[in-house]
1. Do we find that residue 48 is at pLDDT 90 or above and surrounded by 10 or more Cβ atoms within 10 Å (Cβ to Cβ) in this structure?
2. Using the structure shown, decide if residue 77 is free of Cβ contacts under 8 Å to residues at least 24 places away in the same chain, under 19 Å from the mean Cα position of the chain (by Cα) and exposed (fewer than 13 other Cβ atoms within 10 Å of the Cβ).
3. I'd like the full set of residues that are in a helix (DSSP H, G or I) and in contact with a helix residue (DSSP H, G or I) (Cβ under 6 Å, 6 or more places away or on another chain), limited to the range 1-40.
């Protein structure tokens, strides 16, 4: 009786690095409110994860959504507060302040 030869099987772990990175950067940027640079990097990792990592589609999509929301919030804050900053620089910080004679 002969024993059938067993072929070793190799299990390759599916890549999810960019997807997980995008999700973590999205959570960190929403929870801690870092600069607009962190969501930009997270969005890039999320898109990379969606394109190259089919196993990490869920975390990549969540990262893209979180990072996009954070970027939109930063852009809106800049649009809203930039005119006030410009006015403060032009007219002074306290325009109603009386000038001593």
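The values are calculated or read from the model by the stated rules, or taken from the named source; none is laboratory data. All of these numbers come straight from a predicted model, not from anything done at the bench. Backbone-built Cβ (ideal geometry, glycine too); neighbour counts: all protein chains shown.
1. Judged against the criteria, residue 48 is a match.
2. Yes: the conditions hold for residue 77.
3. Residues satisfying the conditions are 18, 19, 20, 21, 22, 23, 25, 26, 29, 30, 38, 39.
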